[in-house]
Amino acid sequence: MDPPFHEKYKPLFNNCVILSKHKDDFLMNVDEECELPLIDLQRLTLNYSEREQCVKEMRQAAREWGFFQVVNHWVPQEILKSIQLEQRKAFHHPFSKKAEENILNLSANSYRWGNPRATCLRQLSWSEAFHIPLTDSSRIGDAYKSLRASIEAFATTAAKLTKDMAEILAEDVGVSSTFFQENCLPGTSYLRMNRYPPCPFSSKVFGLMPHTDSSLLTIVNQDQIGGLQLWKNGRWINVKPNPEALVINIGDLFQALSNDVYKSIKHRVLAPQQDERFSLAFFYCPTCDTEIESCIKPSMYRKFTFGEFMEQVRKDTQATGSKVGVSRFLM
């Protein structure tokens, strides 16, 4: 069922570039492990003092870390457990079915693996994914109706959660709370189901290469295998999995909206040596014609639309094998 990574990318392995030459992509095991800021969202429903403290902690984490975890997040555990089970079933089909038969009946290129534009090992991701725009979820056939139901249930609760958090964060940087209601419509976000197969070359390749997210906010539900790392204070640190929490991170669009008050932090996933790893990401995105412009002046970024941003990401990835990101739109 695993994609034929070594066969497909044999020339890259034969012309192996030593990763440690690139300081920011150093792949040795990182000893330092961190507990992301942990925020109990139940406090938002309590008295004024508790709510304000919760809001303060969320904004502080977005400023200092770009990442935080939330518990009591209103996404029922039964939904999370259901979608974890269903995505395992989908990924455990033979590779030929996943790659050639479009088993989920989604749009073209919804199933992805590796990096077809990789020019060296540091651009190769040892993982596979189903990329699912929410407008496509209804197309998932009846053979996978349990997966379809799980996706729709998760997307509904995740969309509300991200909207609520986005409005809280936006208030501190002058963005109108109506911005998200007007521009982040039910079909503009998307899901990505990820699987990281065991990798015999885990010291040479990434599970998911270093990147930032092209979203406003991202929610990640991960298993307990570990492997997520983020770049902080000039070094990579391991993110310790928390079985009760969802991981939230700031995306490129919110960094630009906030004029760099909130940080879209580079992160990566290590390739597992023995145990397969699964995760599910919900990317909270606006419509393609939504204009991204900071209310804080002078603005560090020129005004751009989400469509322009994604087109630039596409061009950079096609030209170089990797994303450049929001720095393309600096004044």
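The values are calculated or read from the model by the stated rules, or taken from the named source; none is laboratory data. All values reported here derive from a predicted model rather than from experimental measurement. All Cβ positions, glycine included, derive from the backbone under ideal geometry; neighbour counts span all protein chains shown.
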Just a yes or no: is a residue in segment 26-36 within 25 Å of Val205 (Cα to Cα), loosely packed, with under 14 Cβ neighbours inside 10 Å, of a type in the set (Phe, Trp, Tyr) and touching a helix residue (DSSP H, G or I) at 6+ places or on another chain (Cβ under 7 Å)? yes
Within segment 276-292, identify whether any single residue is closer than 24 Å to Arg59 by Cα, free of Cβ contacts under 8 Å to residues at least 40 places away in the same chain, in contact with a Ser or Thr (Cβ under 8 Å, 6 or more places away or on another chain) and acidic (Asp, Glu), and answer yes or no. yes
Quick one: Val220 ticks every box in (1) farther than 20 Å from Leu41 by Cα; (2) under 11 Å from the mean Cα position of the chain (by Cα) bar one, so which box is it? (1)
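In segment 275-296, which residue that is among the small types (Gly, Ala, Ser) and either modelled with pLDDT under 95 or surrounded by fewer than 23 Cβ atoms within 10 Å (Cβ to Cβ) (or both) is farthest from the chain's Cα centre (by Cα)? Let's see the steps before the verdict.
Step one: list which residues in segment 275-296 are among the small types (Gly, Ala, Ser), which gives 279, 281, 294.
Filter again for either modelled with pLDDT under 95 or surrounded by fewer than 23 Cβ atoms within 10 Å (Cβ to Cβ) (or both), leaving 281, 294.
Values: Ala281: 5, Ser294: 23 Å.
Checked segment 275-296; the qualifying residue farthest from the chain's Cα centre (by Cα) is Ser294.
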State all residues of segment 292-305 that are closer than 18 Å to Leu169 by Cβ and of a type in the set (Phe, Trp, Tyr); if no residue qualifies, say none. Tyr301
(1) buried (at least 16 other Cβ atoms within 10 Å of the Cβ); (2) out of contact with any strand residue (DSSP E or B) (no Cβ under 8 Å at 6 or more places or on another chain); (3) of a type outside the set (Lys, Arg) all hold for Pro272 apart from (2)
Identity of the residue in segment 105-136, at pLDDT 90 or above and small (Gly, Ala, Ser), that ends up surrounded by the most Cβ atoms within 10 Å (Cβ to Cβ): Ser127
Single residue of segment 287-318 satisfying the filter (in contact with a Leu (Cβ under 7 Å, 6 or more places away or on another chain) and part of a loop (DSSP other than H, G, I, E, B)) that is nearest to Gly226 (Cα to Cα): Thr287
